[in-house]
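The values are calculated or read from the model by the stated rules, or taken from the named source; none is laboratory data. Here the structure is a predicted model, which is why all the values come from computation and not from measurement. Ideal geometry is used to build each Cβ from the backbone, glycine not excepted, and the neighbour counts take in all protein chains shown. Please note that ligands, DNA and RNA were not included when accessible areas were found on the heavy atoms of the full protein model with its side chains. Shrake-Rupley method; radii C 1.70, N 1.55, O 1.52, S 1.80 Å.
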Amino acid sequence: MKLIEEGKISGSQFMWLLVTIVLPTAVLFIPALTIKYSGTSAWISGGVFTTIWAFIIVWVASTLGERFPGMTLVDYSSLILGKFPGKLVGAFYIFVLVLTVAIVVREFGEFLVSSFMQQTPIFVFNFLLIALAASAVRNGIEVIARMNHFVVSLMFFALIFIFTLVFSEADFKNLYPIFEGGILPIFRGFFTPMGWAGELFLIFILMPYLNNYREAKYAGYKAALMLGVIMSIDIVIALAVFGQQAADYVFPVHTLATYISIAGFLERVEAFILALWVAGITMKVSIWYYCAVIVAARTFNLQDYKPVVLPLGVICLTWSITIFDNITQLVEHFDIAWIGFSLTFEFIVPALLLLIAVLRKKRGAEKGR
Amino acid sequence: MFNVLRRKLKQTLGRNKDLKVPHDKFEHGEGNGDKEKHPISNSLEQNKIILKEIFNNCSDVKFREFELGTAPAVKLLLVYIDGMVSTSDIHESIMNQLMLLEGLMEEISPEHTLELIREKLLPIGELSENGDFIKITDNILMGNAALLIDGEKTALILGIKEWESRGIEEPQSEPVVRGPREGFTERMLTNTMLLRRRIKSSRLKLEIKKVGIVSKTDIGIMYIDGIANNKVVEEVRKRIDRIKIDGILESGYIEEYIQDDWKTPFPLVLSTERPDRAAAHLLEGNVIILTDTTPFALIVPVTFFHFLQASEDYYTHWVGTAMIRLLRIIAVNISLLLPSFYIAIVTFHQEMLPTALLINIASAREGVPFPAFIEAFIMEGTFELLREAGIRLPRPVGQAVSIVGALVIGQAAVTAGLVSPAMVIIVSLTAISSFSIPNYSGALSLRILRFPLMVLAASLGLFGIMVGLMALLLHLCSLRSFGVPYISPIAPFIRSDMKDSVIRFPLWAMFTRPRLIGYKEPQRQEYLQIPKPPANPKRPSGGKERDNK
Amino acid sequence: MVSKRVVIIIALILVFFLPGCWSRTEVETLAIVTNIGIDTVEQDGHVKFLLTANIIRPPLAGGGTQGGGSGAGKPVYWRVASLGDTLSDAERNLNLRIPRRIFYGHLRFVVINEKVARKGLADIIDYLHRNMRIRPRVLLLLTPEKAFDTLIRQAELEPDLARMIDEMDRMALSRSSKAFIDDLAHTTGQLTASGIDPLVAGITPIESPPTEPEGKPVKVIRINRGGAFRVDKFVGWLDSDEVRGYLLGIGKAQSGPFSITLKPHSHKDVNIMMTRATGKIKVDTDGDEVTAVIEISAEGDLSEFHTTEEIATDEGMKILGQKFSDAIKTEVMKAVKKSKELKSDIFGFGAALHRDNPAEWKRFEKHWYEVLPRIKVTVKVTAYVRRTGMTAEPFKPE
Amino acid sequence: MYIIGLVIAFCGIILFEAPKLIKEKMWGELMAFSGLLLFGMVISSAAVLNIDVPNPTALIEMIFAPPTKLLTSFFE
């Protein structure tokens, strides 16, 4: 089966792509959402549990990918289920990915409008973000992977910058008591970040672009671990500095950045941090967008994926503005419906596919590459 | 676009239809795949008429007729361009030989005149035969002399090129404190000599091509066989062969035709005036393209970091160089971003400034009638104008310009209330930073990009800047120079190449060539040649002393 | 293809010029507010907020040519106030007389009137938190007089009140640990968390005798107390010693002079300068009884010695250490006593119990403010005097 | 007003992609392109003209909110 784009990425580029798939929005939203339910043990649900969950997702995705080397989810679903159901799965995933792009764009637009530029219409931010991502997507996965290398370092710099500079304000007494209400609240708090950790399911679509597909599993595990560590630190620092109050902030990490003050000189840096974060979000949107485009191209059996980039962009942009009426609806959506929805497309459908593939002994041809 | 050019060219060149030999055939010289032959006849008169017609109205082309021997006298015609050949050679090695040594002639039959002249009479190193008008014309135009012999269907081409050229001087565009003072000159053979003197290896190859339908400029492709990537060399050949243009006057012409992407503001080809730099790049596996008539050599493939390197970096201590490299990277950022950063902060993110500074800026801006963006635009524009004026003007006037300029972007503009003092600082810092980028075309691209970024900053603040930077990053990541990713040691990340990008490692640690450029023979030196004190430092010369006893 | 792309790029650039840049504001169109004061006023039977703001006057303040010291004659800040039904309303009502956009990005502190605080801080905190320009670092202060009046008091040595309070917070107050200014984030955290109550720095307005030759008396402020809260309502003041006791208890005291009596004199005759201190609170329960242990360890240097005894001995230092720890203990106990009196859990005994024993905390949480006065608090102090300064033995006049 | 911008934008997109596709006879791509673009046109014009169209998140909420609530209620 011929790939639509012949771009190839290395194992480490793949790993960083996976990190970017999750990190930029997760860092912004997860602390508040987990602390809300799990309180002081939020770092267990947001860090430890999510890592385990991410491992499961990576295992399912890369096992399927190794079974059908060189194929994306859409390709082997029609191999496993037959032609028409396979296309149906493809159509479902186009919907999922386009919607996710729209939601991610909306999230970040909301963040920008509410914390930096209140007078600017959200359309401007969404439009620019999607326009940037669209041009990145048209340039192909290799360019995205290369950009991502750059951007990941910027994001890490921003995070380390925030974390180290507010460290002196952290009061680790705020982390106690652990396991206050037993295990249940921890699980409850885990449901929201679960959707984020599960985003690693994009391995399904990106794996064929890997130089050596056997590296996918390892890279996935590494990315999952890295994400777990970052999320734990993120939640711990937010808790330690603000205590339970962190749950009331919409964007605790941003508030952390506003709280930085070193010697009365190094302060008021949040706009700078924001600027670095724009890069991360652009990359995240680009990767999701790319996956959406590839899935669409595979589902419609196209030779060239470029023609569908702009139409999908229009849909993403429109949805990014119309899907939610206000920011609370967005947060609530993550809290309720998204949990079930993300579980379905990130885990249940792929796991079922894997199960059926194993039962029907379907296997892709090993390609001599 | 190119087709149009070619068509136009053909039209203009093909107008002179009444010539016996169509004029444009001569213009499509060798290397153009022109298979048609235009042999000369054995009648000297005939040939002379044709040549005269070809060189109609070319007063500097000299036709000198003379005779060889006494019985039977053979008519000879020497054609050359005055000023491009060595007059002393004409007099002593040619005329003197042929006209005065007539006594020899009697022994030889007239059928062998050509062999005789070629083998016995002309003491000239570079000598060839040719029987085709096109080739002969080309050779005359190149500065060779053609000797036509009555009764022979071939002419002798005498390589006696000599013309005035500038001596080797210190390069103006890339001065150094430490390092060789030699620079390339306008004469290509001098330049190849300068490189050969640095790399005395038979693996250093030179391929000469003629480019330019009218100008027929010599283009030399130099590379070290076995180090340079064959594909790159092949690609260079192909791209140079593809150039169909009337004339090449500077290597910039070549540059524009061979770079991978015409839209980018970034230079995808490095140009240098310094033979040491060119030699260093040859050793790394790059290909050098020399152009006759210009001292600027082109280096391909390049990456973005090449534009932050100066040849001096490798001659001074590595710690200092490492620091200077970092400084240059900061300078790149300042020269690209500082004005837009100022605009963004002053018009959008005022909370980022320390209170005291904000108050100062606010009070300084109190009387300024323009928004910060217009203010910045005026000042940056003024500065660019001044800089341009300073370069173009003759030196004495240039100084006057700089004095006026200092007044304009200095005190006077502030006192007049046109701009705020902070803006003056911003502009001057930007200017200084852009001067500290070693490569002119690299700095130029940053200067261009500064303005769109300012627009973005003025409309969307830091977010706008970041959007601009992301677009820039996207562009940089998609660029390639002869197949090599433009920002290569960073993205894609190549650990072994980091030694010569952001900072420079000591020379002994740079034991590999850049992976994407000189990958054929990656190792360039012995491993671990770390300089060390002598093995037994306690007794540096103890052994000898004992011997004396 | 090519020309099309160029057209698109040009169009994009033009698009940016069109909308006139939504969030753009030039610096000179900003009214930079450095501090605000919040009062309530009764008008027509309604309680309205009186928002007082100090706004910087840029032409007077900076410019480089003017020295910082000449601030006494012409104040660099400008006090304006306006009424409103809510604080946001009052904020925008300021613009009925100010031609510039009110800019909170450089807000340094908020002064709240004592009476307002007695009714509850939650509304004010909500206003401060929702505004994206106000950062969590903003300092909170309580004033017994009208905040409107406090904001026109003179800042000496610094050009304006905001910088004065800022420097006090950063440099001066920790020298004695007798007062402490907390910021918005912490206060909010303590307000919303259960089992801990905030303590907000308090201002004492005073009229100081002339501070310049041939000057008039000046109205200044002094930060020398702390307002204790129960949940979000102000309940009473702690004086400066009690504030230091509180700071020692929660481990935030850094240094400070402790005057102690070595001999049964009528006056204090020794001073020990605390150089470092840590404090920890542990709370446990025994049936219905709650016990709290405050563990403090401190170090100090001898900084003044008014008797003639030989003290530079190991024994002497131990005696001094004992006295030093007694002094600390007294101060902490005073603060604890006050906390119990006011029924304000500023030490966070409840939070400590919650931390150490969440199950027990559940039992007491509902009626914690009744339990609070009954808590048995013991203070354990280990204090050492390490050095004697530049002289060892006292000078003996002979 | 906005609808004019929208029309210009869509014209731009069509001019940008379609000619090449037609020239290279990529009919499948053209179909996919026009189908998706038509959908985009419909929803974006609806958004601009303030016409209510079914919202994807509303759909998701309708399907997934009850089971999710059931799931999470076990842990509260």
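Name the residue, out of C:T188, C:T204, C:T192, that is open to solvent by less than 10 Å² (accessible area, probe 1.4 Å) and either in contact with a Lys or Arg (Cβ under 9 Å, 6 or more places away or on another chain) or of a type in the set (S, T, Y) (or both).
Details: C:T204 fails: open to solvent by less than 10 Å² (accessible area, probe 1.4 Å); C:T192 fails: open to solvent by less than 10 Å² (accessible area, probe 1.4 Å).
Residue meeting the stated conditions: C:T188.
Looking across segment C:134-150, the residues that are open to solvent by less than 20 Å² (accessible area, probe 1.4 Å) and assigned to a helix (DSSP H, G or I) come down to C:A147, C:T150. Number of residues in segment D:31-70 that are in a helix (DSSP H, G or I), open to solvent by less than 90 Å² (accessible area, probe 1.4 Å) and more than 7 Å from every other protein chain (Cβ to nearest Cβ) equals 10.
Taken together, C:R153, C:R170 contain a single residue that is outside any strand (DSSP E or B), open to solvent by 50 Å² or more (accessible area, probe 1.4 Å) and either under 29 Å from C:T275 (Cα atoms) or in contact (Cβ under 8 Å) with a residue 12 or more places away in the chain (or both), which is C:R170.
Residues are listed down the side, and each one gets a yes or a no for (1) within 15 Å of A:L202 (Cβ to Cβ); (2) out of contact with any Phe, Trp or Tyr (no Cβ under 8 Å at 6 or more places or on another chain); (3) touching a residue at least 60 places away in the same chain (Cβ under 8 Å); (4) within 14 Å of chain C (Cβ to nearest Cβ):
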site	(1), (2), (3), (4)
A:V27	no, yes, yes, no
A:V58	yes, no, yes, no
A:F68	no, no, yes, no
A:L73	yes, no, yes, no
A:P85	no, yes, no, no
A:V98	yes, no, yes, no
A:V104	yes, no, yes, no
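Out of segment C:175-187, which residues are within 14 Å of chain A (Cβ to nearest Cβ), in contact (Cβ under 8 Å) with a residue 40 or more places away in the chain and farther than 12 Å from C:I223 by Cα? C:D182, C:D183, C:L184, C:A185, C:T187, listed by residue number.
In the set B:L385, B:L456, only one residue is at pLDDT 80 or above and either open to solvent by less than 60 Å² (accessible area, probe 1.4 Å) or touching a His at 6+ places or on another chain (Cβ under 9 Å) (or both); that residue is B:L456.
Contact map, segment B:146-166: first residue within 30 Å of B:E186 (Cα to Cα) and open to solvent by 10 Å² or more (accessible area, probe 1.4 Å), second residue part of a strand (DSSP E or B) and not aliphatic (A, V, I, L, M), Cβ cut-off under 8 Å, separation 6 or more or different chains; pairs are B:G159/B:S128. Selection within segment C:74-126: residues that are among the aliphatic types (A, V, I, L, M) and open to solvent by 50 Å² or more (accessible area, probe 1.4 Å). The member of this set that is farthest from C:E28 (Cα to Cα) is C:L83. Of the residues making up segment B:346-377, those that are without any contact (Cβ under 8 Å) to a residue 40 or more places away in the chain, outside any helix (DSSP H, G or I) and facing chain C (nearest Cβ under 7 Å) number 1. Among the residues of this structure, A:A297 does not count as one that is in contact with a Leu (Cβ under 6 Å, 6 or more places away or on another chain) and either in a helix (DSSP H, G or I) or facing another protein chain (nearest Cβ under 8 Å) (or both). Being part of a helix (DSSP H, G or I) and open to solvent by 10 Å² or more (accessible area, probe 1.4 Å) is the requirement here; does A:V314 meet it? For A:V314, the condition - part of a helix (DSSP H, G or I) and open to solvent by 10 Å² or more (accessible area, probe 1.4 Å) - is met. Here the condition is being hydrophobic (A, V, I, L, M, F, W, C) and either in contact with a Phe, Trp or Tyr (Cβ under 7 Å, 6 or more places away or on another chain) or open to solvent by 20 Å² or more (accessible area, probe 1.4 Å) (or both); of A:A223, A:A246, A:A240, it holds for A:A240 alone.
Okay, residues lined up against (1) open to solvent by less than 50 Å² (accessible area, probe 1.4 Å); (2) modelled with pLDDT of 85 or more; (3) in a helix (DSSP H, G or I):
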site: A:E110; (1), (2), (3): yes, yes, yes
site: A:Q119; (1), (2), (3): no, no, no
site: A:F127; (1), (2), (3): no, yes, yes
site: A:L132; (1), (2), (3): yes, yes, yes
site: A:S135; (1), (2), (3): yes, yes, yes
site: A:E142; (1), (2), (3): no, yes, yes
site: A:F167; (1), (2), (3): no, yes, yes
site: A:M194; (1), (2), (3): yes, yes, yes
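In summary, B:A322 fulfils each of the numbered conditions (1) surrounded by fewer than 24 Cβ atoms within 10 Å (Cβ to Cβ); (2) within 19 Å of B:V176 (Cα to Cα); (3) not assigned by TED's automatic domain parsing to the domain that holds B:I437 with the single exception of condition (3).
Out of all the residues in segment B:233-242, which are open to solvent by 10 Å² or more (accessible area, probe 1.4 Å) and in contact (Cβ under 8 Å) with a residue 24 or more places away in the chain?
Of the residues in segment B:233-242, the ones open to solvent by 10 Å² or more (accessible area, probe 1.4 Å) are B:234-235, B:237-239, B:241-242.
Matches in segment B:233-242: B:E235, B:R237, B:D241.
Number of residues in segment A:252-269 that are in contact (Cβ under 8 Å) with a residue 60 or more places away in the chain and in a helix (DSSP H, G or I): the value is 6.
For segment C:316-375, a residue qualifies if it is under 30 Å from A:G181 (Cα atoms), polar (S, T, N, Q) and surrounded by fewer than 19 Cβ atoms within 10 Å (Cβ to Cβ), and exactly one does: C:N357. Mind listing whichever residues of segment C:122-150 are among the aliphatic types (A, V, I, L, M), under 16 Å from the mean Cα position of the chain (by Cα) and either away from every other protein chain (no Cβ under 14 Å) or closer than 18 Å to C:F180 by Cα (or both)? Within segment C:122-150, C:V138, C:L139, C:L140, C:L141, C:L142, C:A147 qualify. Any idea which residue in segment C:238-252 is modelled with the highest pLDDT, counting only those that are outside any helix (DSSP H, G or I) and either more than 29 Å from C:S208 (Cβ to Cβ) or over 13 Å from the mean Cα position of the chain (by Cα) (or both)? Taking the candidates together, the pick is C:D239.
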